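Encoded as structure tokens, the structure appears first; notes follow it.
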Amino acid sequence: MKILLVGSGGREHALALGLQADPSCTELHCAPGNPGIAEIATLHPIAITDNKAIVDLAKKLAVDLVVIGPEVPLVNGVADELRAAGLAVFGPSKAAAQLEGSKNFAKGVMRDAGVPTARSFTCETQAEIENALDAFGAPYVVKDDGLAAGKGVVVTDDRAKALEHALACKRVVIEEFLNGPEISLFGISDGRNVLPMQPAQDFKRAYDRDEGPNTGGMGAYSPLPWAPDDIMEETYEKVLAPVIAEMAARGTPFVGLLYAGLALTDHGLRVIEFNARFGDPETQVLIPRLATPLAQLLYKAATDSLDDVALSWRDESAVTVVLAAQGYPESPKTKGAITNIPAISKTQIFHAGTSLNGVGLVSSGGRVLTVTGLGTDLTEARDRAYRAISQIELEGSFYRSDIAFNASVAEKGN
């Protein structure tokens with residue numbers, strides 16, 4: 001199988017490793033990729049926003065499967081153009097990707113499908129915004145309706161900050177605060193069937209103890225020893241299956257990865273948000289744990305063939321920690337030299353915001369590297385990840401020191 005992977009981040013590096021490890025993958029291409037992906041795939045310098053260039057490349061290479069990593073090309077409709085050219089694509093259509101592209105659209109789908117979620121108002125004027133903020137009170141949850149690279153959500157007790165963020169959005173969804181731990185649970189769908197993956201938990205805030213601004217994610221771990229035993233079954237029954245059925249009923253079947261961000265509240269499971277693609281950094285802990293061959297799995301999803309597929313998992317824990325550039329997320333410093341990347345057993349280092357400048361490896365984005373440790377339990381996985389990330393040198397960079405700490409302590413106490 002010849003495969004084209006679209007994207008350039010840590011998520012795509014993890015997907016590339018998973019695809020390349022599948023014996024059925026004979027040729028792996030990536031557009032545009034990054035220096036880490038370049039070690040296992042042929043790179044093509046194409047912008048992810050250039051639909052025509054992506055389609056032309058896929059046709060020229062005569063690939064058997066296109067896997068689309070990021071949300072922007074999906075919302076831009078590249079999957080539709082690839083399918084129109086007769087190619088198998090893992091990734092939803094432009095219409096189906098609105099589950100991520102518009103918070104208001106996702107709320108409508110959940111309402112029609114009977115999926116439990118937070119009460120909300122969609123607002124476009126200051127008067128509507130102020131009324132919604134007053135209706136729910138603090139803590140205020142304010143979400144940009146459109147794509148915002150993981151930084152469109154503000155949760156704050158400060159009404160002035162909530163109002164400022166809301167007024168900066170063209171359209172905004174304001175909703176009640178959902179109390180309780182949050183988890184990410186992905187479903188792989190062929191448009192009719194959906195297979196739940198094991199849950200992960202990510203860490204959105206920039207600093208330890210969940211302090212600082214929201215980010216695209218500073219780390220993640222899986223499995224979740226504290227989660228209910230039936231979390232996958234409950235999420236399938238109450239969230240994934242109803243949404244896939246609703247999208248099919250609307251004539252816009254969802255083919256690809258449906259990401260459900262969930263809150264486990266005192267009143268039961270509630271959906272916080274949907275994404276239309278693999279999450280970053282959760283993918284960096286889920287793909288190393290997935291035993292099912294990835295290329296064959298995604299090809300079956302792309303070709304409406306998941307009827308008799310069951311996922312299998314390695315009996316290992318995974319913890320991933322993000323190395324962020326100085327100034328992230330507001331104004332990350334780029335072009336810093338990255339040195340001393342270690343090679344440690346049972347540890348994988350995924351490139352995210354990196355590039356080569358002719359002299360060596362330099363930072364080119366806010367989240368620079370993602371370091372994943374594997375182990376028999378979360379403590380061992382954490383130790384490996386932190387031993388590796390502590391050796392990497394990039395001036396001004398930082399990382400959280402508490403990823404999966406509480407879960408590893410709880411696991412030891414069981």
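The values are calculated or read from the model by the stated rules, or taken from the named source; none is laboratory data. As the structure is a prediction and not an experimental result, all values here were calculated from the model. Glycine also receives a Cβ, built like all others from the backbone with ideal geometry; neighbour counts cover every protein chain displayed. In case anyone asks, the SASA skips ligands and DNA or RNA and just uses the protein heavy atoms, side chains included. Shrake-Rupley method; radii C 1.70, N 1.55, O 1.52, S 1.80 Å.
Over the chain, with the other protein chains present, what is the accessible area per residue in square angstrom, probe 1.4 angstrom?
Numbers: 16510 Å² over 414 residues.
So the chain comes to 40 Å² accessible per residue, rounded to a whole number.
Can you give the percent of C-alpha pairs in the chain whose distance is more than 32 Å? Cα-Cα pairs in the chain separated by more than 32 Å: 33 percent. Annotation: amide H of residue 336 within the under-5 Å range of 363, sequence separation 5 or more or interchain, hydrogens built in the peptide plane. Applying the Karplus relation 6.51 cos²θ - 1.76 cosθ + 1.60 with θ = phi - 60° to the range 183-197 yields 3J(HN,Hα) values of 9, 10, 9, 9, x, 9, 10, 9, x, 10, 9, 9, 9, x, 8 Hz, where x marks Gly and Pro.
Taking every DSSP helix (H) stretch of at least 4 residues in the chain, weighting each as -39,500 (n - 2.57) and dividing the sum by the residue count yields a mean residue ellipticity at 222 nm of -8000 deg cm²/dmol. What the Cα atoms of the range 268-412 give is an Rg and a Dmax of 17.3, 54 Å.
By DSSP, what percent of the beta bridges with both residues in the range 230-389 are antiparallel, rounded to the nearest 5? Numbers along the way, then the final one.
Numbers: 25 of 25 bridges.
Taking every DSSP beta bridge within the range 230-389, about 100 percent pair in antiparallel fashion.
May I ask you to give the percent of accessible area on the range 177-220 that is carbon plus sulfur, with a probe radius of 1.4 Å? If you can, show how the numbers build up before the last one.
Numbers: 700 of 1540 Å².
Here carbon and sulfur together make up 45 percent of the probe-accessible area.
Mind ranking 119-130, 71-82 by how tightly packed they are, going by the mean number of other C-beta atoms within 10 angstrom, highest first? The partial results should precede the final answer.
Working: 119-130: 15.3, 71-82: 22.5.
Highest-to-lowest ranking by the protection proxy: 71-82, 119-130.
The stretch between residue 177 and residue 192 holds 2.2 nm of extra length on full extension. This uses 0.36 nm per residue minus the Cα-Cα distance. Residues 259, 236, ordered by accessible area of protein heavy atoms at a 1.4 angstrom probe radius and largest first, appear as 236, 259. Over 20 Å apart at the Cα level, from the set 300/346; 2/60; 2/346, are 300/346; 2/346.
The heavy atoms of residue 205 offer some 60 square angstrom of accessible surface to a 1.4 angstrom probe. Using a probe radius of 1.4 angstrom, the carbon and sulfur fraction of the accessible surface of the range 1-116 is 52%. Taking all protein chains together, 226, 313 sort by accessible area into 226, 313, largest first [probe 1.4 Å].
Just reorder 382, 192 by solvent-accessible area, largest first, 1.4 Å probe, all chains present.
So the residues, ranked largest to smallest area, are 192, 382.
Taking every protein chain into account, the 1.4 Å probe leaves residue 183 with about 0 Å² of accessible area, to the nearest ten.
Measuring r between the beta carbons of residue 50 and residue 292 and using R0 = 35 Å, the FRET efficiency lands at 0.65. Going 7 Å from the Cα of residue 119 along its beta-carbon direction, which residues of the range 162-181 have the amide nitrogen within less than 17 Å of the resulting point? It comes to 173-179, nothing else.
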